[in-house]
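Read-outs: derived from the displayed coordinates by stated rules, not from any lab. Nothing here was measured: the structure is a model prediction, and the numbers come from that model. Quick reminder, even Gly has a Cβ in these numbers, built from the backbone with ideal geometry, and neighbours come from all protein chains shown.
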Amino acid sequence: MDTATAKAQEAHYSFFQGVERNFDKASKYTRFESGILEQIKACNSVYRMKYPVRIGDKIEVIEAYRVQHSHHKLPCKGGIRYSMDVNQDEVMALAALMTYKCAIVNVPFGGAKGGIKINPKNYSVFELEKITRRYASELVKKNFIGPGIDVPAPDYGTGAREMSWIVDTYASLKPGEVDALACITGKPVTQGGVRGRTEATGLGVYYGIREVCNTAEDMKKLGLPVGIEGKKVIVQGLGNVGFHAAKFFFDNGAIIVGLAEYEGGIYNEKGLDIYKVVDHRKSTGSLLNYPGATNIKNSAETMEQPCDILIPAALENVINGSNAARIQAKIIGEGANGPLTPDADEILNQKGVIVVPDMYLNAGGVTVSYFEWLKNLSHVRFGRMDKRFSENQNDSILKSVESLTGKRVTDTERKQILHGPDEVDLVYSGLEDTMIGSYHEIREALLRLDGKVDMRTAAFTVAIDKVGVSYEELGIFP
Ligand code: GLU
């Protein structure tokens with residue numbers, strides 16, 4: 001069944017209502033009065049725009065959105081997606097998830113999201129640039145973008161290229177604004193981006209799932225050995241999130257048994273080499289017919305194959321009331337935003353599956369966006385001030401140890417010990433620390449609630465507690 005049919009069948013609540021439903025489930029376990037809860041839940045500002053763009057010899061009216069869900073911390077933060085599925089409800093739901101996501105990983109931003117209702121594949125690069133630049137100037141006109149106001153980023157269907165068009169449009173409309181680069185994140189490194197941002201969400205998914213697998217007590221309950229090595233993984237969606245997540249799982253000893261894209265899926269219980277699969281897809285135009293693997297014509301059925309860990313990393317609602325019961329994974333890691341409907345959640349929780357929620361697991365992107373924003377505001381590359389200092393210090397410590405012991409380390413060891421942090425080392429380390437720390441905050445909430453709730457509800461309580469305190473301390477403007 002396709003996503004649209006699944007949505008229709010579960011039409012008793014929209015995506016945004018689904019998020020609200022999860023919020024309500026969790027808010028019972030928090031201490032806030034109903035007014036504060038209502039304020040946290042509400043979308044503060046919804047900007048829907050329509051603007052004309054000349055495409056070929058016709059004028060096309062483009063439908064686009066920017067939603068700021070919360071302002072308890074500024075700027076607001078969240079990506080911009082290009083997809084034909086974009087609509088107000090979807091952008092509102094995704095903006096709300098950003099509020100909770102930022103709170104969970106302790107990124108001091110409110111939540112927002114943007115979207116343009118287009119299929120980017122139907123436009124030339126020049127046309128996409130026109131659509132994007134006009135969107136950026138609409139945001140500037142209404143004060144919906146700026147380093148201290150609202151800072152967009154890439155999402156489904158957009159990337160560093162679109163971000164560089166937006167920052168350039170913004171800077172040209174705000175001449176002399178010294179912090180203009182901080183108006184958007186996910187930029188190319190040459191345009192003020194930070195090293196490590198491209199792979200950040202996928203790497204965060206890996207760090208998060210690795211932490212789940214390193215928690216002995218939980219693995220025992222699932223009947224799985226501790227550690228990521230040897231775990232069988234299926235990844236649905238090979239976009240920026242799915243590809244990088246699969247790569248980090250593969251590089252660190254997990255076995256990628258299944259991969260799915262819109263044209264279909266492939267499965268091999270002995271394992272797939274992600275690099276070779278990507279080369280195969282590039283040269284043939286499809287995942288299918290990869291040597292040694294079984295073809296799965298209906299892409300969604302790939303997720304139903306045997307594995308330990310399933311990572312849905314494309315769009316929302318792909319696991320729903322109609323296919324959840326057939327999922328065999330013991331751990332589901334939400335690489336995408338909202339890949340499980342509330343019905344699916346219920347079915348999988350009853351089966352004892354650990355569902356690691358989106359608002360924690362895919363927060364690596366916004367975490368590294370936060371680092372990029374800090375870099376832009378400080379106008380200096382991470383590591384520039386301290387790399388050489390650390391190397392000199394390591395050198396003198398090593399020399400003292402060698403002279404005291406009369407022994408010498410090998411050249412490879414010397415290189416490793418001396419190495420001072422580059423920008424990418426610091427970004428990875430900040431991300432790793434964030435993903436580990438936040439996982440344990442959620443797990444502690446789970447334990448406090450005596451295991452009465454699932455991990456999504458526990459994550460919501462952590463987020464509500466932080467946002468609630470923020471609103472309380474902010475006071476309510478008379
Ligand atoms: N679009 C990503 C998300 O959904 C990143 C947002 C950001 O970096 O602001 O989390």
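In table form, for the structure just shown:
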read-out	value
Members of region 71-120 found to be in contact with a Cys (Cβ under 7 Å, 6 or more places away or on another chain) and crowded, with 24+ Cβ neighbours inside 10 Å, listed by number	Lys77, Ala95, Ala96, Phe109, Gly110, Gly111, Ala112
Failed condition for Cys102, given (1) assigned to a helix (DSSP H, G or I); (2) farther than 30 Å from Lys466 by Cβ	(2)
Cβ-Cβ under 6 Å pairs, at least 6 apart or on other chains, region 357-375 side closer than 18 Å to Leu310 by Cα and touching a residue at least 60 places away in the same chain (Cβ under 8 Å), far side aromatic (Phe, Trp, Tyr) and more than 7 Å from the ligand (Cβ to nearest atom)	Met359/Tyr100
In region 373-414, the residues that are of a type in the set (Phe, Trp, Tyr) and under 30 Å from Pro152 (Cβ atoms)	Trp373, Phe382
Residue match in region 445-455 (condition: surrounded by 18 or more Cβ atoms within 10 Å (Cβ to Cβ), touching an Asp or Glu at 6+ places or on another chain (Cβ under 8 Å) and in a loop (DSSP other than H, G, I, E, B))	yes
Every residue from region 146-182 that is assigned to a loop (DSSP other than H, G, I, E, B), at positive phi and more than 13 Å from the ligand (Cβ to nearest atom)	Gly176
Residues being under 31 Å from the mean Cα position of the chain (by Cα) and surrounded by 11 or more Cβ atoms within 10 Å (Cβ to Cβ) - total across region 385-415	2
Residue match in region 459-471 (condition: loosely packed, with under 14 Cβ neighbours inside 10 Å and of a type outside the set (Val, Ile, Thr))	no
Unmet requirement for Ala300, which otherwise passes all of (1) part of a helix (DSSP H, G or I); (2) of a type in the set (A, V, I, L, M); (3) within 21 Å of Gly204 (Cα to Cα)	(3)
Matching residues in region 341-356 - criterion: being under 20 Å from Glu20 (Cα atoms), in contact (Cβ under 8 Å) with a residue 24 or more places away in the chain and outside any strand (DSSP E or B)	Thr341, Pro342, Asp343, Ala344, Asp345, Ile347, Leu348, Asn349
Unique residue being more than 12 Å from the ligand (Cβ to nearest atom), crowded, with 21+ Cβ neighbours inside 10 Å, under 21 Å from Gln328 (Cβ atoms) and touching a residue at least 40 places away in the same chain (Cβ under 8 Å) when the list is Ile131, Ile209	Ile209
Filtered residue count, region 67-85, keeping only those that are more than 9 Å from the ligand (Cβ to nearest atom), more than 21 Å from Gly468 (Cβ to Cβ) and out of contact with any Lys or Arg (no Cβ under 7 Å at 6 or more places or on another chain)	3
Only one of Gly333, Gly406, Gly364, Gly383 that is more than 16 Å from the ligand (Cβ to nearest atom) and in contact with a helix residue (DSSP H, G or I) (Cβ under 6 Å, 6 or more places away or on another chain)	Gly383
